[in-house]
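Values quoted throughout were computed directly from the atomic coordinates according to the rules given, and no laboratory measurement underlies them. What you are looking at is a predicted structure, and each value in this text was computed from that prediction instead of being measured. As a convention, Cβ positions derive from the backbone with ideal geometry for all residues, glycine included, and neighbour counts pool all protein chains shown.
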Amino acid sequence: MEIEVLEKNDTSLRLLIKGTNAAFLNSLRRTIIAEVPCMAIDEVVIIENSSILHDEILAHRLGLIPLKTDLDNYNLPEECPCQSEFGCNLCRVTLTLQAEAAEAPRTVYSGDLKSENPEIVPVSPNIPIVKLATGQRVMIEAYAKLGRGEKHAKWQPVSACTYKYMPKIEILEICDACGECVKICPKKVLVKTKGEIEVRDLMACTLCEDCADACPKEPPAIKIGWEEGNFIFQMETNGVLPVERIMLEALKILDSRFAEFLKELKGAKIEEA
Ligand code: SF4
Ligand code: SF4
Ligand SMILES: [Zn+2]
C-alpha cells in the first residue's frame, strides 16, 4: 500500500491510498465513525430552567456540543476501575452553566459552560444553546463522559469520513471541443483552453458521468472511469481530536480486532466429521 498526503490541516485530512480495496477502507471509515471515543455531555441535572425550551431539549442540545477530548487521561466509563454509575475523576468531567437575562434578552452560548477541567471545553464558544427573555434563568450541572459513535452520534469524532475511487478521465480524438461537458460538470473538473478540453481538477470528479451524457458525440468523446485499487480517503474532524489522533486510534482498534481474530483462529479446534 502506498499513501500520499494530498491535504492536511487542523480539521481535515485527504489521502491518496494506492494498492488497497474498498472493503479495507470501509472498515477504517466505520471504525473512525463508530468506535474512536470522544467526550460528550451524557447526563444533565437541571436545577433551574425558566427558558422557553423544555428540559429534555436543553439536555439534547448540550449533548451535541463537541468537546475537546483527552484520551490519555480519561477512561471509558465501562473500562474505568471505579465501575460506578456516577463516575469518578478518571471517567467524568463536570461542567456547569449559570445564566440569566437580568435586564434584556440574551443568548446563552457554549462558551458560557464552565468546566472543572480547562482542557475539556467546547470546541467552539459560539454555539447557541438557548435564548432567554428578560427575567429568565438557567442553572445546570452537566457530566461529560467518553463514549463511542456506535451508541450515539454525539460521540462521533468526525463530521465527515468518506472514500472514493481515484477517477480516470479520457478525452478521445473525436472531441471537437464544443464545451458541453465543461458547462455541465458540477465540480468544474474540466476546462476549455486553446480549443482543447483539459482536466483541471481530477480529484474533484465524483464519477457522476454527466459530462458523458451531455456529449453530443455517439459514443461520447469523453470516457469516465476509475483506477482499480486506488482511492481518495477524506475525513474532517469536528474539532474534538486532531485528525492524526483519530486515525491512530482507529488503526489501534482495528489492529487489536485482527489480533483477537488471529488468536481465536489459532485456538480453534477442527472437528472431525
Ligand atoms: S464525471 Fe461528473 S464530476 Fe466528473 S468530470 Fe464528468 S461531470 Fe464532472
Ligand atoms: S461534450 Fe464531448 S465533444 Fe464536446 S467538448 Fe466535451 S467531450 Fe468534446
Ligand atoms: Zn471512573
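Taking Cα pairs under 8 Å and at least six residues apart, what relative contact order does the chain come out at, in percent?
Details: 540 pairs, mean separation 71.5, N = 273.
It comes to 26 percent, rounded to a whole number.
Give me the percent of DSSP beta bridges within the chain that run antiparallel, rounded to the nearest 5.
Counting only bridges with both partners in the chain, antiparallel ones make up about 100 percent.
In nm, to one decimal, how far is the modelled label at residue 4 from the one at residue 174, with both set 7 Å along Cα→Cβ?
The answer from the label model is 3.2 nm.
For q = 0.14, 0.24 Å⁻¹, what log10 I(q)/I(0) does the range 118-195 give under the Debye formula with an equal point scatterer on each alpha carbon and no solvent?
Debye output, listed in q order: -0.76, -1.32.
Arranged from highest to lowest average of other beta-carbon atoms within 10 Å per residue, in what order do the peptides 137-150, 119-132 appear?
With the highest mean Cβ count within 10 Å placed first, the list reads 137-150, 119-132.
Taking the Cα atoms of the chain, report the difference between the largest and smallest coordinate on each principal axis, in whole Å and largest first.
Projected onto its principal axes, the Cα set of the chain covers 74, 72, 34 Å.
Any idea how far the Cα center of the range 119-136 sits from the one of the range 1-75, in Å?
The range 119-136 and the range 1-75 have Cα centres separated by 20 Å.
Net charge within 9 Å of residue 101 by Cβ-Cβ distance, Lys/Arg positive one each and Asp/Glu negative one each, not counting residue 101 itself?
Net charge in that neighbourhood comes out at +1.
Please report, ordered by residue number, every helix of the chain (full DSSP H runs) that is 27 Å or longer along its axis going by C-alpha atoms and whose mean Kyte-Doolittle hydropathy reaches -0.5.
Membrane-span-like by this criterion, though nothing is claimed about a membrane: 243-267.
Take the Cα of residue 213, step 7 Å along the line toward its Cβ, and report every residue of the range 167-187 whose backbone nitrogen sits under 17 Å from that point.
180-187
In the calculated pair distance distribution of the range 150-195, what percentage of Cα-Cα distances lie above 12 Å?
77
I'd like the isolated cysteines in the chain, meaning no second cysteine's beta-carbon lies under 4.7 angstrom from theirs.
Within the chain, the cysteines lacking a partner Cβ under 4.7 Å are 38, 161, 175, 178, 185, 205, 208, 215.
Restricting to lysine pairs 8 or more places apart or on different chains, what number in the range 162-273 have Cα atoms under 26 Å apart?
Total qualifying Lys-Lys pairs in the range 162-273 comes to 27.
Which net charge results when you count Lys and Arg as +1 and Asp and Glu as -1 among the other residues whose beta-carbon is under 12 Å from that of residue 207?
It works out to a net charge of +1.
Just how far, in whole angstrom, is the range 240-263 from the range 165-203 if you go by their alpha carbon centroids?
40
FRET efficiency for residue 265 and residue 79, Cβ-Cβ distance as r, R0 = 41 Å, nearest 0.05?
The pair residue 265/residue 79 has a calculated efficiency of 0.95.
Considering only lysines 8 or more places apart in sequence, or on different chains, count the pairs in the range 38-155 whose C-alpha atoms sit under 14 Å apart.
Counting lysine pairs in the range 38-155 gives 4.
Using a 10 Å cut-off on Cβ atoms, rank the peptides 190-198, 78-86 from the highest mean neighbour count down.
By packing density, highest mean first, the sequence is 190-198, 78-86.
Please give the length that would be gained between residue 236 and residue 139 if that part of the chain were fully extended, namely 0.36 nm times their separation in residues minus their C-alpha to C-alpha distance (nm, one decimal).
31.6 nm
Please report, in cubic angstrom per residue, the volume enclosed by the convex hull of the alpha-carbon atoms of the range 203-248.
It comes to 91 Å³ per residue, whole-number rounded.
Please quote Rg/Rh for the range 38-155 to two decimal places, taking the Kirkwood radius as Rh and restricting both calculations to Cα atoms.
Expressed as Rg/Rh, it is 0.99.
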